[in-house]
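Here is the structure we will look at.
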Amino acid sequence: ELKEIVFIIQSQSNSFHSKRAEDLKRDILKQAAELGKELPTVLLIHQMDGHEGAWTILPLMRDFSVTYGRNSSWIFFCEEDTRVQVVKLLETLGRFDKSKEWFLGKALYDEESTIIHHYAFAENPTVFKFPDFAAGWALSIPLVNKLAKKLKSEPLKSDFTIDLKHEIALYIWQKGEGPHLTPVPEFCTDDVNSYKIDHCATTFSNFLPLCGDPVKKEDIFVAVKTCQKFHGDRIPVVKQTWEREAALIEYYSDYADISIPTIDLGIPNTDRGHCGKTFAILERFLNHSSPRTPWLVIVDDDTLISIFRLRKLLSCYDPKEPVFLGERYGYGLGTGGYSYITGGGGMVFSRVAVQKLLASKCRCYSMDAPDDMVLGMCFSGLGIPITHSPLFHQARPMDYPKGYLSHQIPVSFHKHWNIDPVKVYFTWLAPNTEESLNGKKVGYNREDL
């Protein structure tokens with residue numbers, strides 16, 4: 001029965017995202033009403049009580065078990081851009097015995113072991129499957145009850161949340177004693193208009209959001225963090241790739257090099273974190289850039305970013321709100337903790353967010369503290385939620401499953417290890433895949449990378 005499914009939308013509190021989640025909720029309930037069925041429960045994760053770590057889902061299992069453990073059969077999770085065909089979903093879940101422990105989804109896997117998964121299954125990473133959240137995924141209530149029981153006796157460890165879908169699958173798998181992910185072909189990430197979707201219970205809107213005109217080039221101030229030892233190899237890559245897309249760009253270093261040019265902020269380079277440097281950049285943005293520039297982007301010198309796509313994406317956010325946007329990680333979320341935007345993929349701030357942060361007196365506990373984590377801590381203390389976009393990437397394209405990237409129009413990647421970064425930029429991020437490089441047309445095949 002439809003009323004036995006609890007729908008959980010992996011929503012966010014930012015106004016753009018919460019509206020999309022509300023639209024999806026309305027659509028699911030409308031489909032249910034048209035079937036003449038008793039309406040299912042549809043919940044938005046950002047509205048669930050005061051869990052800072054609600055987005056990591058596992059801390060909610062005990063609540064799910066207590067509230068829905070008796071009268072429901074399935075908890076079905078989806079993203080705000082997942083589209084659900086309710087009738088087809090009912091049929092699909094109906095194939096599985098609801099009295100057993102099931103973990104259902106569209107399977108992703110690593111082709112080679114990667115740092116973002118702590119080199120898990122190094123001998124053969126393809127053996128471990130984890131769900132693509134975009135396609136939706138489901139847990140049977142017996143499995144939810146089992147996980148809730150385990151969490152009661154063994155609370156979650158307070159460490160990092162880096163790739164939630166992989167970490168949830170590992171937790172459920174329990175070193176081989178729990179269920180593996182069962183791949184479900186009806187959970188799809190094909191676009192709604194694809195000819196393949198007749199068999200799909202879910203689809204995914206496979207596009208870069210655009211909410212009106214892209215923001216103007218002059219509305220984004222780009223700050224590149226660098227240091228003298230990387231002037232020779234990393235800065236030329238920026239200049240060959242995305243620098244031309246930025247109208248306002250400054251390079252901040254520990255050495256003033258007029259050939260680039262770099263600005264010496266008077267803060268020595270540190271091998272660990274760059275908190276001192278980042279806060280100096282924030283102060284400079286507030287005090288020296290035009291107050292009419294609503295957006296600041298801070299990137300590393302080995303970040304590859306599409307400013308062209310970022311301008312489209314930012315059309316969906318209200319710069320009058322305190323926005324702190326990028327790829328979300330978590331620290332200690334099982335026991336309080338906080339979320340943060342990981343720096344390598346790029347950190348985007350509205351001017352209002354920078355103003356509120358600097359007015360708060362929250363600062364680095366040391367000059368070489370990790371800047372991204374300190375910022376997460378500060379914004380969490382201010383009650384300003386960070387906003388996650390899966391289009392920013394802390395790692396290289398080959399560090400992600402092909403199936404995951406296949407329904408994305410990425411905004412950034414990070415790191416130059418063992419890749420040709422210019423090639424990666426023109427393959428994945430250039431305004432069109434056939435960009436002119438030194439007057440020659442180049443078009444690369446993503447499969448080669």
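The values are calculated or read from the model by the stated rules, or taken from the named source; none is laboratory data. This one's a predicted model, so the numbers in the text were calculated from it and none came from an experiment. Cβ atoms come from the backbone with ideal geometry, glycine included; neighbour counts cover every protein chain shown. Note: accessible area is taken over every heavy atom of the protein model, side chains too, but ligands, DNA and RNA are not part of it. Shrake-Rupley method; radii C 1.70, N 1.55, O 1.52, S 1.80 Å.
Charges on Cβ only, +1 for Lys and Arg, -1 for Asp and Glu, centred on the Cα centroid of segment 217-429; of 334, 425, 262, which one is farthest towards the dipole's positive end?
334
Quote the FRET efficiency, to the nearest 0.05, computed for residue 35 versus residue 318 with a Förster distance R0 of 41 Å and r equal to the Cβ-Cβ distance.
Values: r = 36 Å, r/R0 = 0.88.
About 0.70, to the nearest 0.05.
Which of 169, 247, 223 moves most in a GNM of the chain, Cα contacts under 10 Å?
It is 247.
Report the gain in length on full extension from residue 335 to residue 359: 0.36 nm times residue separation, minus Cα-Cα distance, nm rounded to one decimal.
Details: separation 24, 0.36 × 24 = 8.64 nm, distance 2.80 nm.
Result for the pair: 5.8 nm of gain on full extension.
Of the residues 372, 318, 420, which exhibits the maximal mean-square fluctuation in a Gaussian network model of the chain defined by a 10 Å Cα contact cut-off?
Maximum fluctuation in the GNM of the chain, among the listed residues, is at 420.
Extending each Cα 7 Å along its Cβ direction at residue 27 and residue 91, get the distance between those two points in nm, one decimal.
The answer from the label model is 1.9 nm.
For the chain, with every protein chain kept in place, what is the accessible area per residue (1.4 Å probe, Å²)? Kindly include the intermediate steps, with their values, before the conclusion.
On the way: 19430 Å² over 449 residues.
Accessible area per residue: 43 Å².
Taking 0.36 nm per residue of separation and subtracting the Cα-Cα distance, what length does fully extending residue 243 through residue 111 add?
Values: separation 132, 0.36 × 132 = 47.52 nm, distance 3.20 nm.
Extra length from residue 243 to residue 111 when fully extended: 44.3 nm.
With unit charges on the beta carbon (Lys/Arg positive, Asp/Glu negative), name the residue among 304, 411, 282 whose Cα is farthest towards the positive pole of the charge dipole of segment 217-429.
After comparing all options, I get 411.
Which of the lysines could a cross-linker span from residue 98 if the Cα-Cα distance has to be under 17 Å and same-chain partners fewer than 8 positions apart are dropped?
3, 88, 146
Between residue 217 and residue 159, what's the calculated FRET efficiency when r is the beta-carbon distance and R0 is 30 Å? Round to 0.05. Provide the component values of the computation, followed by the final result.
Working: r = 40 Å, r/R0 = 1.33.
It comes to 0.15.
Averaged across orientations, what area in nm² does the convex hull of the alpha carbons in segment 2-204 project?
On the way: hull surface 47.7 nm².
Over all viewing directions, segment 2-204 projects a mean Cα-hull area of 11.9 nm².
Using a 7 Å offset from Cα along Cα-Cβ at residue 289, what residues in segment 328-342 end up with backbone N under 19 Å from the label point?
341-342
Work out how much length residue 122 to residue 382 would gain on full extension: take 0.36 nm times their residue separation and subtract the Cα-Cα distance, in nm to one decimal. All intermediate terms of the calculation are to be shown ahead of the outcome.
On the way: separation 260, 0.36 × 260 = 93.60 nm, distance 4.05 nm.
The residue 122-residue 382 span can extend by a further 89.6 nm.
Cut-off 18 Å, label point 7 angstrom out along Cα-to-Cβ of residue 100: give me the residues of segment 135-154 whose amide nitrogen falls inside.
138-147
Mind listing the lone cysteines of the chain, meaning no other Cys beta-carbon sits under 4.7 Å from theirs?
Cys with no partner Cβ under 4.7 Å: 78, 227.
GNM on the chain, C-alpha springs below 10 Å: top fluctuator among 12, 228, 174?
Top of the fluctuation ranking is 174.
What's the longest uninterrupted piece of the chain once you rule out the GluC sites (Glu not before Pro) that are loop residues per DSSP with at most 12 other Cβ within 10 Å? Walk me through the numbers before you get to the answer.
Values: sites that count: 1, 38, 111, 112, 123, 177, 434.
Result for the longest clean stretch: 178-433.
What do you get for the angle between helix 275-288 and the principal long axis of the chain? Use alpha-carbon atoms, 0 to 90 degrees, nearest ten.
The two axes meet at around 70 degrees.
Below 8 Å between Cα atoms, with a sequence gap of 6+, how large is the relative contact order for the chain in percent?
Working: 912 pairs, mean separation 65.7, N = 449.
Contact order relative to length: 15 percent.
Using a probe of 1.4 angstrom, how much of the accessible area of the chain is carbon and sulfur, in percent? Intermediate values should be presented prior to the final figure.
On the way: 9930 of 19430 Å².
Reported share for carbon and sulfur atoms: 51 percent.
In a shell of Cβ-Cβ distance under 10 Å around residue 61, excluding residue 61 itself, what net charge do Lys and Arg (+1) and Asp and Glu (-1) give?
Combined, the nearby Lys, Arg, Asp and Glu give +4.
Looking at the chain, what % of its DSSP beta bridges pair antiparallel, to the nearest 5?
Details: 30 of 59 bridges.
Antiparallel: roughly 50 percent of the beta bridges in the chain.
Under a Cβ-only charge scheme (Lys and Arg +1, Asp and Glu -1), can you give me the dipole magnitude of segment 144-259 about the Cα centre, in debye to the nearest 20? Please list the in-between numbers first.
Values: 15 positive and 18 negative charges, 120 e Å.
So the dipole magnitude of segment 144-259 works out to roughly 580 debye.
All other residues with a Cβ under 14 Å from the Cβ of residue 382 taken together, and with Lys, Arg as +1 and Asp, Glu as -1, what is their net charge?
Numbers: positive: 356, 361, 363; negative: 52, 321.
That sum, taken over residues with Cβ under 14 Å, equals +1.
Between the DSSP loop rule and a limit of at most 16 other Cβ atoms within 10 Å, which chymotrypsin sites (Phe, Trp or Tyr not before Pro) in segment 381-417 are left? Don't skip to the answer; put the middle values down first.
Values: sites: 392, 404, 413, 417; in loops: 392, 417.
When the chymotrypsin sites (Phe, Trp or Tyr not before Pro) of segment 381-417 are filtered for loop state and at most 16 Cβ neighbours within 10 Å, 417 remain.
For segment 167-232, rounded, prolate or oblate, judged on the Cα gyration tensor with a ≥ b ≥ c (square roots of eigenvalues), a/c < 1.5 rounded, else prolate if a/b > b/c? Let's see the in-between values first.
Values: a/c = 3.85, a/b = 1.40, b/c = 2.75.
Oblate.
I need the shape label for the chain. Rule: rounded when a/c is under 1.5, else prolate if a/b > b/c, else oblate, with a, b, c from the alpha carbon gyration tensor. Present the calculation step by step, with values, prior to reporting the outcome.
Working: a/c = 1.79, a/b = 1.61, b/c = 1.11.
The shape class here is prolate.
Please report the equivalent ellipsoid semi-axes of segment 330-436, computed as sqrt(5 x eigenvalue) of the Cα gyration tensor, largest first, in whole Å.
Details: eigenvalues 188, 47, 38 Å².
Semi-axis lengths for segment 330-436 are 31, 15, 14 Å.
Is the shape of segment 104-193 rounded, prolate or oblate, going by the alpha carbon gyration tensor and its root eigenvalues a ≥ b ≥ c, with a/c under 1.5 for rounded and a/b larger than b/c for prolate? All intermediate terms of the calculation are to be shown ahead of the outcome.
Values: a/c = 1.79, a/b = 1.16, b/c = 1.55.
Oblate is the answer for segment 104-193, as a/c is 1.5 or above yet b/c matches or exceeds a/b.
Of 28, 41, 164, which is farthest towards the positive pole of segment 2-204's charge dipole, taken about the Cα centre with +1 and -1 on the beta-carbons of Lys, Arg and Asp, Glu respectively?
Ranked along the dipole, the leading option is 41.
Heavy atoms only, 1.4 Å probe, whole protein assembly: order 30, 88, 149, 165 by accessible area, highest first. Mind showing how you got there, number by number?
Numbers: 30 120, 88 55, 149 155, 165 20 Å².
Putting 30, 88, 149, 165 in descending order of accessible area: 149, 30, 88, 165.
What lysines could a cross-link reach from residue 423, if we take a straight Cα to Cα line under 28 Å and drop same-chain neighbours fewer than 8 places away?
Cross-link targets: 216, 217, 225, 229, 239, 312, 402, 415, 440, 441.
List every residue whose amide H lies under 5 Å from the amide H of residue 202, counting only residues 5 or more places away in sequence or on a different chain, with H placed 1.01 Å from N in the peptide plane.
Hits under the 5 Å cutoff: 85, 188.
Considering only DSSP beta bridges where both residues belong to segment 2-204, give the percentage that are antiparallel (nearest 5). Numbers along the way, then the final one.
Numbers: 12 of 25 bridges.
Antiparallel bridges make up about 50 percent of those DSSP assigns within segment 2-204.
So, R0 is 56 Å and r is the distance between the beta-carbons of residue 233 and residue 177; what FRET efficiency does that work out to, to 0.05? Present the calculation step by step, with values, prior to reporting the outcome.
On the way: r = 47 Å, r/R0 = 0.84.
Step by step, r from the Cβ atoms, then E = 0.75.
Round to the nearest 10 and give me the degree value, 0 to 90, for the angle of helix 141-153's Cα axis relative to the longest principal axis of the chain.
Roughly 60 degrees between the two axes.
Please state the charge dipole magnitude for the chain, taken about the Cα centre, from unit charges on C-beta atoms (+1 on K and R, -1 on D and E), reported in debye and rounded to the nearest 20.
Roughly 700 debye for the chain.
Before rounding to the nearest 500, sum -39500 (n - 2.57) across all DSSP H runs of length at least 4 in the chain and divide by the residue total; then give [θ] at 222 nm in deg cm²/dmol. If you can, show how the numbers build up before the last one.
Numbers: 12 runs with 120 residues, N = 449.
It comes out at -8000 deg cm²/dmol, rounded to the nearest 500.
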